[in-house]
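Here is the structure we will look at.
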Amino acid sequence: MTDIETLARMDRLVSAESNPKAPALRPVDAATLIIIDRKPKTPKVLMGKRHAGLKFMPGKFVFPGGRIEVGDRSMTVTGALHPRAEQALMARVTRPSTQRCRALALAAIRETFEETGLLLGTKEYGNPESVPDGTAWASFLERGVYPDLEALHFIGRAITPPKRVRRFDTRFFAVDRTAIAEEVDGIVSPEAELVELTWVTIDQAKALDLPPITTIILGELEARIAAGFGHHLPVPFFYQKRSRFVREEL
């Protein structure tokens, strides 16, 4: 399916799924992380299947992610976001700041750990100096893993259409599989938010039961990998305008 066809499909879903009585919600900042294994001849991505009993996207295959939490704004890190990534993250937002960019990147890393048990970062510098109390970041301290922002690529942004029960302003990050510093077993289970993890090629991923925007981002990722996966490449931004989905570049 081409991007144009997928955008047309998203337009149809907007009409079918929109609830005229839904309140006018402001999108919540959120972040998603795509882990890519580029060692095989055909790269693979990590997808997780959501529990069928969840109210939001039950049974869909997704990338791990979620909204920013307070602790994401103060977690100790190593490395910094690439300047081009930071520039794109600060585009088309009110009150842009480096702290907000940093918090989005850290939210993607933390949510990935909470949903998959994968700790992204490095063990080269020992334990983080400190972590926010009562957060999942304590596991990074216990295992001596520093989140490493330098390893992240910012590859896309999408805003949930109006008239939805939940709305997110989601930033899509990507990182190579080599950035996995450690894995905690038992996070993914039949009763967890994600009941299954699978490494699949992009073509295989597109054949799964996906949210429409995930299909589009996979296409963007495929093109980005083919172009060398550099930070300099354009970052697409998807949002609804006059009841139609549009694609801009940040």
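Put simply, of T94, T76 the only residue that is assigned to a loop (DSSP other than H, G, I, E, B) and touching a Ser or Thr at 6+ places or on another chain (Cβ under 7 Å) is T76. The single residue among A174, A205 that is surrounded by 17 or more Cβ atoms within 10 Å (Cβ to Cβ), of a type in the set (G, A, S) and not in a helix (DSSP H, G or I) turns out to be A174. For the residues K55, K44, K49, the requirement of being within 22 Å of L197 (Cβ to Cβ) and without any contact (Cβ under 8 Å) to a residue 40 or more places away in the chain singles out K55. Residues of region 140-166 that are among the charged types (D, E, K, R), over 18 Å from I34 (Cα atoms), touching a residue at least 24 places away in the same chain (Cβ under 8 Å) and out of contact with any strand residue (DSSP E or B) (no Cβ under 7 Å at 6 or more places or on another chain): K163, R164, R166.
This table checks each residue for (1) in contact with a Phe, Trp or Tyr (Cβ under 9 Å, 6 or more places away or on another chain); (2) surrounded by 14 or more Cβ atoms within 10 Å (Cβ to Cβ); (3) modelled with pLDDT of 85 or more; (4) not in a loop (DSSP other than H, G, I, E, B).
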position: M1; (1), (2), (3), (4): no, no, no, no
position: I4; (1), (2), (3), (4): no, no, no, yes
position: M10; (1), (2), (3), (4): yes, yes, no, yes
position: K21; (1), (2), (3), (4): no, no, no, no
position: A30; (1), (2), (3), (4): yes, yes, yes, yes
position: I36; (1), (2), (3), (4): yes, yes, yes, yes
position: L46; (1), (2), (3), (4): yes, yes, yes, yes
position: A52; (1), (2), (3), (4): no, no, yes, no
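When you scan region 117-128, do you find a residue that is hydroxyl-bearing (S, T, Y), outside any loop (DSSP other than H, G, I, E, B) and farther than 29 Å from Y239 by Cα, even just one?
yes
The values are calculated or read from the model by the stated rules, or taken from the named source; none is laboratory data. Since we're looking at a predicted model, the values are computed, not measured. Cβ atoms come from the backbone with ideal geometry, glycine included; neighbour counts cover every protein chain shown.
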